[in-house]
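Engineer: Take this structure, written in structure tokens, and hold onto it; I'll ask about it next.
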Amino acid sequence: MAVRGAEETVVVVVEDDPNIARLVDMYLRRDGYRVYKAADGATGLDRIKQYRPKLVILDIGLPGDMDGMQLCRELRATSDIPIIMLTARDSEVDRIVGLELGADDYVTKPFSPGELVARIRAVLRRVDAGARAVLSPILESGEVEVDTARREVRLRGGLVPVTAREFDLLQYMVENTGRVLSRRQLLDGVWGWDWVGDERTVDVHVFQLRKKLGSALRVTTVRGVGYLLD
């Protein structure tokens, strides 16, 4: 069954393995998405500029002069388009590097096509919800401001660049200040109840927020449970 409204949603898939590209293409088209494919970074960048997609699925290990990391960096220099990394690399370092460059999610091969589609839906729901929040207030946590209308984070008045997923996580934690939130609660509240995958992705995103906001982000790790924003 096609997702309502998905027929207007363009997704660019940058993947050099033709079998994986066809599989992803088949599942996305079955759900009503319009898909454009590219087998290398340079062609992928051209497709993105030409078709202006709502989301990009990006393999890290691309052939040619522009791999997935470089393409992600290029996109983030000019755009906040949601990016889901699709890769065979599964080390924590690779996940951190990809997310630090601005990826919104990270899926490792082999993967379930159904899981990938679910993650796409979750990312697009968050982006759409942010676009509708034009009258939302500015949330504050100490020296950190979360502008839900502009989807911007400021520290002592200065703008702090964050990814879409990092913003959603920070907003959710600020809205629940003083509550101990388990990783499962954070996944349900930010990634969506239908998200499936490794709960450690929460730790990676919290790590990135701590790195960017430093001691101003008063978040404590509650051993064996999750996190508390004081």
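Engineer: Just checking, how many residues over region 197-225 are farther than 23 Å from Val160 by Cβ and either of a type in the set (Lys, Arg) or more than 14 Å from the chain's Cα centre (by Cα) (or both)?
Structural biologist: Number of matching residues: 7.
Engineer: In region 154-165, how many are free of Cβ contacts under 8 Å to residues at least 40 places away in the same chain and surrounded by 16 or more Cβ atoms within 10 Å (Cβ to Cβ)?
Structural biologist: Qualifying residue count, region 154-165: 1.
Engineer: So Lys212 ticks every box in (1) more than 14 Å from Asp104 (Cα to Cα); (2) buried (at least 17 other Cβ atoms within 10 Å of the Cβ); (3) modelled with pLDDT under 85 but one. Which box is left unticked?
Structural biologist: Only one criterion is unmet by Lys212, namely (3).
One line per residue, one yes/no per condition, for (1) within 22 Å of Leu116 (Cβ to Cβ); (2) in a helix (DSSP H, G or I); (3) in contact with a helix residue (DSSP H, G or I) (Cβ under 9 Å, 6 or more places away or on another chain):
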position	(1), (2), (3)
Asp168	yes, yes, yes
Gly178	no, no, no
Leu186	yes, yes, yes
His205	yes, yes, yes
Lys212	no, yes, yes
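Engineer: In addition: So which helices (runs of 4 or more DSSP H) are wholly in region 1-99 and hold at least 3 residues that are at pLDDT below 95 and within 14 Å of Leu116 (Cα to Cα)?
Structural biologist: Counting at least 3 such residues, we get 18-30.
Engineer: Here is a follow-up. Going through Arg179, Arg151 one at a time, which residue ends up being surrounded by fewer than 16 Cβ atoms within 10 Å (Cβ to Cβ) and over 15 Å from Leu99 (Cα atoms)?
Structural biologist: Just one listed residue meets the conditions, Arg179.
Engineer: Report the residue count in region 32-52 for those that are touching a helix residue (DSSP H, G or I) at 6+ places or on another chain (Cβ under 8 Å) and either within 19 Å of Leu101 (Cα to Cα) or surrounded by fewer than 22 Cβ atoms within 10 Å (Cβ to Cβ) (or both).
Structural biologist: Qualifying residue count, region 32-52: 10.
Engineer: If Arg125 satisfies all but one of (1) modelled with pLDDT of 90 or more; (2) under 21 Å from Ile57 (Cα atoms), what's the number of the condition it fails?
Structural biologist: With respect to (1) modelled with pLDDT of 90 or more; (2) under 21 Å from Ile57 (Cα atoms), Arg125 is out only on (1).
Engineer: Quick one: in region 170-219, which of the residues that are touching an Asp or Glu at 6+ places or on another chain (Cβ under 6 Å) and basic (Lys, Arg) is nearest to Leu124 (Cα to Cα)?
Structural biologist: Arg183
Engineer: Restricted to region 33-66, and to residues that are of a type in the set (D, E, K, R) and in contact with a Gly (Cβ under 6 Å, 6 or more places away or on another chain), which residue is farthest from Arg165 (Cα to Cα)?
Structural biologist: Looking at residues that are of a type in the set (D, E, K, R) and in contact with a Gly (Cβ under 6 Å, 6 or more places away or on another chain), I get Asp40.
Engineer: Take Val117 and tell me if it is part of a helix (DSSP H, G or I), of a type outside the set (D, E, K, R), at pLDDT below 90 and open to solvent by 50 Å² or more (accessible area, probe 1.4 Å).
Structural biologist: no
Engineer: Okay, moving on. For Arg22, work out the one condition from (1) within 29 Å of Asp203 (Cα to Cα); (2) surrounded by fewer than 16 Cβ atoms within 10 Å (Cβ to Cβ) it doesn't fulfil.
Structural biologist: (1)
Engineer: Here's something else I'd like to know. Out of curiosity, is Leu170 surrounded by fewer than 19 Cβ atoms within 10 Å (Cβ to Cβ), modelled with pLDDT of 90 or more and either farther than 20 Å from Gln208 by Cα or of a type in the set (A, V, I, L, M) (or both)?
Structural biologist: No; evaluated as a whole, the condition is false for this residue.
Engineer: Met69: under 12 Å from the mean Cα position of the chain (by Cα) and within 23 Å of Val202 (Cβ to Cβ), yes or no?
Structural biologist: No.
Engineer: Report, ordered by the first and then the second residue, all pairs with beta carbons closer than 7 Å, sequence separation of six or more or different chains, a first member in region 39-60 that is over 16 Å from Ile120 (Cα atoms), and a second member that is open to solvent by 80 Å² or more (accessible area, probe 1.4 Å) and outside any helix (DSSP H, G or I).
Structural biologist: Ile60/Arg89
The values are calculated or read from the model by the stated rules, or taken from the named source; none is laboratory data. Just so it is clear, the structure is predicted and the values come from calculations on it, not from any experiment. Every residue, glycine among them, receives a Cβ derived from its backbone with ideal geometry; neighbour counts consider all protein chains shown. Just so you know, the surface numbers come from the protein's heavy atoms only, side chains and all, with ligands and any DNA or RNA stripped out. Shrake-Rupley method; radii C 1.70, N 1.55, O 1.52, S 1.80 Å.
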